[in-house]
Amino acid sequence: MALGLTVNGEHRSLDIEEDTPLLWVLRDELGLKGTKFGCGVGLCGACTVHLDGQPVRSCSTPVSLVAGRKVTTIEGLGGGDDLHNLQQAWIDHGVPQCGYCQSGQIMSAAHLLATIPSPNRNDIVAAMTGNLCRCGTYNRIIDAVESVAQSRPTADGDA
């Protein structure tokens with residue numbers, strides 16, 4: 001099946017089976033290795049990407065549902081050589097241990113901050129609940145997201 005989609009701002013045309021999971025299209029067809037395979041059934045969150053701005057589990061999303069839509073992966077968050085502010089917060093707070101789940105964690109956090117610019121700690125915990133971390137760095141993840149939220153200017157221009 002021939003289909004088109006936009007990945008990280010670039011239109012891509014592919015000839016691929018329509019039931020192929022988006023994860024394998026990203027990794028195997030497009031060479032974007034940042035999105036990870038975790039559980040294969042959409043439960044762990046390691047494969048989280050944004051589809052038209054909404055987080056989805058790419059391991060259980062058939063590519064046919066993505067045709068004509070915009071996909072953003074972890075590689076598409078930063079600007080060229082610049083890290084996204086969440087990526088920098090992950091480094092600053094020493095979040096990654098094995099690092100395997102981190103791209104999915106960051107994608108979920110980015111969606112949270114796009115929808116709730118100043119989340120409280122409970123908002124962060126609730127938004128990140130669907131992403132599992134085998135290393136147990138949950139407190140560092142929450143602290144990193146909280147630091148980005150707190151560093152943003154408020155609506156009236158105060159920092």
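The values are calculated or read from the model by the stated rules, or taken from the named source; none is laboratory data. These figures come from a predicted structure and were not determined experimentally. Here Cβ is always computed from backbone atoms with ideal geometry, including for glycine, and neighbour counts include all displayed protein chains.
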Scanning region 67-89 for residues that are at pLDDT below 95, farther than 22 Å from residue 137 by Cβ and of a type in the set (A, V, I, L, M) gives 67
With the first residue restricted to region 127-139 and required to be under 12 Å from residue 43 (Cα atoms), and the second required to be assigned to a loop (DSSP other than H, G, I, E, B), Cβ contacts under 7 Å at 6 or more apart or on different chains are 130/45; 131/45; 131/101; 132/44; 132/45; 132/101; 133/101
Of 75, 29, 10, the only residue that is over 19 Å from residue 129 (Cβ atoms) and within 11 Å of the chain's Cα centre (by Cα) is 75
How many residues of region 97-129 are touching a Ser or Thr at 6+ places or on another chain (Cβ under 7 Å) and more than 16 Å from residue 85 (Cα to Cα)? The answer is 3
Within region 120-147, residues being part of a loop (DSSP other than H, G, I, E, B), under 21 Å from residue 94 (Cβ atoms) and not charged (D, E, K, R) number 6
*asked:* Considering only region 44-61, I want to know if a residue exists there that is at pLDDT below 95 and not assigned by TED's automatic domain parsing to the domain that holds residue 98.
replied: no
Selection from region 91-121 of residues among the hydrophobic types (A, V, I, L, M, F, W, C), surrounded by 23 or more Cβ atoms within 10 Å (Cβ to Cβ) and at pLDDT 95 or above yields 106, 107, 109, 110
Among the residues of region 90-102, is there at least one that is in contact with a Cys (Cβ under 7 Å, 6 or more places away or on another chain) and under 17 Å from residue 143 (Cα atoms)? yes
Those residues of region 12-45 that are touching a residue at least 60 places away in the same chain (Cβ under 8 Å) and buried (at least 17 other Cβ atoms within 10 Å of the Cβ) come to a total of 6
